[in-house]
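Each remark here refers to the structure printed beneath this line.
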Amino acid sequence: MTDANRAGARRFPLRFAACRWLLWAAGLGLAACAEDSTPPEAGGEGSVQSHRSGEAVYRRYCFSCHAAGVAGAPRTGDAEAWAPRIAKGRDALLRSTIDGMVGMPAMGLCFDCSEPELVDAIGHMSGTALAP
Ligand code: HEC
């Protein structure tokens, strides 16, 4: 056996140990990265408002007037009553829903409704899908 071989044999466990240490360090690094990149907990209820369907909003808020046509409200599914209103366009309908009209309370009484939710509710009542 030459001296060089002997030295190599002696060095081997050292190198192996160094590799293990590197792997361990890399593992730690990865774990740390993984922790850093975890998205923060969605801060409980209300922080991310989920979109309610037009039907859900309608049943809860708009139904009371628009099902029976209270005070001249265009009735749900009554295409004839809705046609002249739909003709005004999505933005005008959304505006009068938010501001209110004669006999129609502001926001249709859904004060925590988002605009897309109101638009969906109008779409549900009128039977005409409006752009969100
Ligand atoms: C208290 C009764 C009432 C409630 C509740 C109500 N509405 Fe109305 N709504 C009316 C009446 C009455 C009219 C007709 C107003 C008019 O023509 O002057 C109307 C008209 C509308 C119109 C037509 C607006 C236009 O520019 O022609 C839209 C759109 C509408 N409502 C959406 C909604 C939505 C969406 C909800 C629920 C989130 C809702 N309404 C809840 C009474 C109500």
- Spin-label model distance (nm) - Ala106 vs Ala56, 7 Å beyond Cα toward Cβ: 2.5
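Based on the Cβ-Cβ distance of Arg95 and Ala131, what FRET efficiency does E = 1/(1 + (r/R0)^6) give at R0 = 22 Å, to the nearest 0.05?
Details: r = 15 Å, r/R0 = 0.66.
With R0 = 22 Å, the Cβ-Cβ based efficiency is 0.90.
Quick note: the coordinates plus some simple rules give every number you see, no bench work behind them. Since the model is a prediction, treat every value here as computed from it, not as a measurement. Please note: Cβ atoms are built from the backbone with ideal geometry, for glycine as well, and neighbour counts cover all protein chains shown.
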